[in-house]
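Following: one structure in structure tokens, then a few remarks.
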Amino acid sequence: MNRRALLRPAVRSAIALTLAFATLLTQPGTASATVYAQIEGTGSTWSELIVQQWIADVDANGMKVVYTGGGSSKGRKDFSQNSTDFAISEIPYQGTDETGQADTSNGREFAYLPIVAGGTAFTYQLKIGNDLVRNLRLSGETIAKIFTNQITNWNDAAITADNNGRTFPSLPITPVVRSDGSGTTAQFTTWLDSEFPSIWRPFFGGSGLTSYYPKESGSRAIGQAGSDQVMNTISGFAGNGTIGYVEYSYPVNKDYPVVKVLNKSGYFVEPTQYNVAVALTKAKINQDKGSALYLTQILDGVYRNTDARAYPISSYSYMVIPTGADDPRMTTAKRQTIADFLYYSLCAGQTKAGPYGYSPLPLNLVQAGFEQIALLQQADSAVDLTDRDVRSCNNPTFDGKNLNKNQLAAIAPAPAACDKQGEGPCGTETGNNEPSTDGSGGGTTPDGGETGAGGASPAGGGAGSGAAGAGSGAPGGSAPPPVVDPATGAVVGGTSTGAATGDAIYANPTELAADRALDTRTFGWLAALLAVGLVVMPGFYAASLPRRRKPGTVR
């Protein structure tokens, strides 16, 4: 017999069976009961940067999401024509758009779902010699006049006054606006119509918002399609003298300056995640479930928020999701993908909003989003929404023991004294996603109001009061306050589950749908099986070896 024969047939069979079973269990996709299918959407470029990050995050969990910008108007139109599975837009369907064309879902059942908050920023290129100005300040009235061709040169007296006497070169102003149907344009013009109607309406030729920015003949304004093209035009080689409007994330990712805008408290602020969070505490939300505008935003209170930290042009965008049971594009797998992608986006995904130049959604908008996701299960009972609850949602605006408080707004630092109208301007740069402050976060505002949890703002606005519509009260007893990461606002420790009442709700990480109980059980069995194999197989191996003959013996 061959002495090199290592295994007897029975042992070889046992090992082969073990390995085959282990291989079967480790095959991709067999460890989870969740079945996904690729989903596709179009729409907002205002939201696109963070949405693309979320798409990359969930790809490893088997969710395939394809998103293309093109503007909010395109997103709504594509959804209405059943050519996409979802859309993202800053404004709801208008019924009829500015050109007289229908702007409806064309009978397709849908729901609006809040997706991400942020500030509409004014980025610019203005040089003194060869040096880029990075600390420009403008009042809302000055901005309105620039974009309606009433202020046309950077040496204008109004710009000098906004900058406390600082003068700029004689250089023509070139506004860069969107040429396509844009939710960013709609947000900007909604603010113009609300706050400066006497300036905006004669230029527009009517009242209200528009998705298509009007251009006058002879104007220096340049039209560009998409936020990225607006940003590229302003930051380009020939961009000196330009100014345009984009979501704050674009200049942040380009490391390009933004205007500090004068708020109602008399401070010039930029749209950091903190200043947006404070501003949105005054947002009102349509809570009428029978209304066609359910969950859409009413921002008058945001524009006029008297907190010194509030950025006035703050808002949020919507995902438009299909809710009809007979939707022609939907399958159970697609609805499951939409549901789990949105759970990630509303919870763990929001922790990335701040670093990208957005602001995380507050609790009431997340809860409203969960209610809309539930409509997917109503349309198809096979959609699994197990363990999907706001109580297990890792969102940096949640306090940890008091869900009615906007934690991010509560820790927002006060603006620097040099940001006050008539002071400064500050020498600090803008567009770097860092708050301009005399302190290191929290503490007191310039007028002495505390900015900590539940503290009052300089003008009495409750920074810790939570978003509009949220109730009051702090369930959970006397657990110690959470430890918060000052860079992101995320709760990173310090919360306690030992509350006396047992009612405390904590912000725990949200897991994606691919990580469910079946995964744990399956891989638990696999680990046990392999452990047994490691213990038993050496014995089988040893037993299978041919015995050595003693010296002098004969076969």
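The values are calculated or read from the model by the stated rules, or taken from the named source; none is laboratory data. Treat the numbers as computed from the prediction; the structure is a model and nothing was measured. Here Cβ is always computed from backbone atoms with ideal geometry, including for glycine, and neighbour counts include all displayed protein chains.
Being more than 21 Å from VAL276 (Cβ to Cβ), touching a helix residue (DSSP H, G or I) at 6+ places or on another chain (Cβ under 7 Å) and aromatic (Phe, Trp, Tyr) is true for just one of TYR311, TYR344. Which residue is that?
After ruling out the rest, the residue left standing is TYR344.
Please verify whether segment 120-134 includes one or more residues that are over 25 Å from the mean Cα position of the chain (by Cα), small (Gly, Ala, Ser) and within 30 Å of ILE173 (Cα to Cα).
yes
Within segment 140-149, identify whether any single residue is under 30 Å from SER89 (Cβ atoms), of a type in the set (Phe, Trp, Tyr), in contact (Cβ under 8 Å) with a residue 24 or more places away in the chain and not in a helix (DSSP H, G or I), and answer yes or no.
The answer is yes, given that some residue of segment 140-149 is under 30 Å from SER89 (Cβ atoms), of a type in the set (Phe, Trp, Tyr), in contact (Cβ under 8 Å) with a residue 24 or more places away in the chain and not in a helix (DSSP H, G or I).
Residue by residue, here is whether (1) closer than 30 Å to GLY165 by Cβ; (2) of a type in the set (Phe, Trp, Tyr); (3) assigned to a loop (DSSP other than H, G, I, E, B); (4) out of contact with any strand residue (DSSP E or B) (no Cβ under 6 Å at 6 or more places or on another chain) holds:
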{"residue": "TYR36", "(1), (2), (3), (4)": "no, yes, yes, yes"}
{"residue": "GLY41", "(1), (2), (3), (4)": "no, no, no, no"}
{"residue": "THR45", "(1), (2), (3), (4)": "no, no, yes, no"}
{"residue": "ALA56", "(1), (2), (3), (4)": "no, no, no, yes"}
{"residue": "THR68", "(1), (2), (3), (4)": "no, no, no, no"}
{"residue": "GLY75", "(1), (2), (3), (4)": "no, no, no, no"}
{"residue": "ILE88", "(1), (2), (3), (4)": "no, no, no, no"}
{"residue": "ASN106", "(1), (2), (3), (4)": "no, no, yes, yes"}
{"residue": "THR120", "(1), (2), (3), (4)": "yes, no, no, no"}
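Tell me, please, whether a residue that is free of Cβ contacts under 8 Å to residues at least 60 places away in the same chain and over 23 Å from TYR36 (Cβ atoms) can be found in segment 342-357.
Within segment 342-357, not a single residue is free of Cβ contacts under 8 Å to residues at least 60 places away in the same chain and over 23 Å from TYR36 (Cβ atoms).
Mind listing just one residue for me: the one in segment 277-322 that is in contact with an Asp or Glu (Cβ under 7 Å, 6 or more places away or on another chain) and assigned to a helix (DSSP H, G or I) and, of those, farthest from PRO413 (Cα to Cα)?
For segment 277-322, the residue satisfying everything is TYR303.
Please tell me if GLY349 is within 17 Å of PHE110 (Cβ to Cβ), crowded, with 24+ Cβ neighbours inside 10 Å and either within 19 Å of the chain's Cα centre (by Cα) or polar (S, T, N, Q) (or both).
no
Does any residue in segment 415-430 that is touching a residue at least 60 places away in the same chain (Cβ under 8 Å) come within less than 8 Å, Cβ to Cβ, of a residue that is among the aliphatic types (A, V, I, L, M) and assigned to a loop (DSSP other than H, G, I, E, B) six or more places away or on a different chain, and which pairs are these?
PRO415/ALA308; GLY424/ALA416; CYS426/ALA416; THR428/ALA416; THR430/LEU136; THR430/VAL259
Condition first: touching a Ser or Thr at 6+ places or on another chain (Cβ under 7 Å), buried (at least 20 other Cβ atoms within 10 Å of the Cβ) and among the polar types (S, T, N, Q). Now tell me which residues in segment 397-417 satisfy that.
Listed by number, the residues that qualify are ASN406, GLN407.
Which of the residues that make up segment 122-139 are in a strand (DSSP E or B) and touching a residue at least 12 places away in the same chain (Cβ under 8 Å)?
Result: PHE122, THR123, TYR124, LYS127, ILE128, LEU132, ARG137, LEU138.
What single numbered condition from (1) in contact with a Phe, Trp or Tyr (Cβ under 7 Å, 6 or more places away or on another chain); (2) modelled with pLDDT of 95 or more fails to hold for THR210?
It is condition (2) that THR210 fails.
Give the residue that is surrounded by the fewest Cβ atoms within 10 Å (Cβ to Cβ), with candidates limited to residues of segment 52-69 that are over 16 Å from the mean Cα position of the chain (by Cα) and among the charged types (D, E, K, R).
ASP59
Please enumerate the residues belonging to segment 155-210 that are among the hydroxyl-bearing types (Ser, Thr, Tyr) and outside any helix (DSSP H, G or I).
Within segment 155-210, THR167, SER170, THR174, SER179, SER182, SER207, THR210 qualify.
Within segment 368-396, take every residue that is touching a residue at least 60 places away in the same chain (Cβ under 8 Å) and of a type in the set (S, T, N, Q) and give me the one that is surrounded by the fewest Cβ atoms within 10 Å (Cβ to Cβ).
Only one residue tops the list, namely THR386.
Looking at the structure I just gave you, is PHE122 under 27 Å from SER89 (Cβ atoms), buried (at least 22 other Cβ atoms within 10 Å of the Cβ) and touching a Leu at 6+ places or on another chain (Cβ under 8 Å)?
When the stated conditions are applied, PHE122 passes them.
Please work out which residue is nearest to the chain's Cα centre (by Cα), limiting yourself to segment 233-276 and to residues that are under 16 Å from ARG304 (Cβ atoms) and in a helix (DSSP H, G or I).
Out of the qualifying residues, it is VAL276.
Examine segment 332-342 for a residue that is of a type in the set (Phe, Trp, Tyr), in a helix (DSSP H, G or I), in contact with a strand residue (DSSP E or B) (Cβ under 6 Å, 6 or more places away or on another chain) and closer than 25 Å to TYR93 by Cα, and state whether such a residue exists.
Yes, segment 332-342 contains at least one residue that is of a type in the set (Phe, Trp, Tyr), in a helix (DSSP H, G or I), in contact with a strand residue (DSSP E or B) (Cβ under 6 Å, 6 or more places away or on another chain) and closer than 25 Å to TYR93 by Cα.
Can you tell me which of (1) over 30 Å from ASN263 (Cβ atoms); (2) in contact with a strand residue (DSSP E or B) (Cβ under 8 Å, 6 or more places away or on another chain); (3) modelled with pLDDT under 95 is the one VAL366 doesn't meet?
Answer for VAL366: the failing condition is (1).
Are there any pairs, at least 6 apart or on different chains, whose C-beta atoms fall under 8 Å, with the first in segment 94-105 and more than 14 Å from ALA186 (Cα to Cα) and the second of a type in the set (A, V, I, L, M, F, W, C) and surrounded by 15 or more Cβ atoms within 10 Å (Cβ to Cβ), and if so, which?
Close Cβ pairs satisfying both conditions: SER105/PHE79; SER105/VAL320.
In this structure, is ASP180 under 25 Å from the mean Cα position of the chain (by Cα) and surrounded by fewer than 19 Cβ atoms within 10 Å (Cβ to Cβ)?
no
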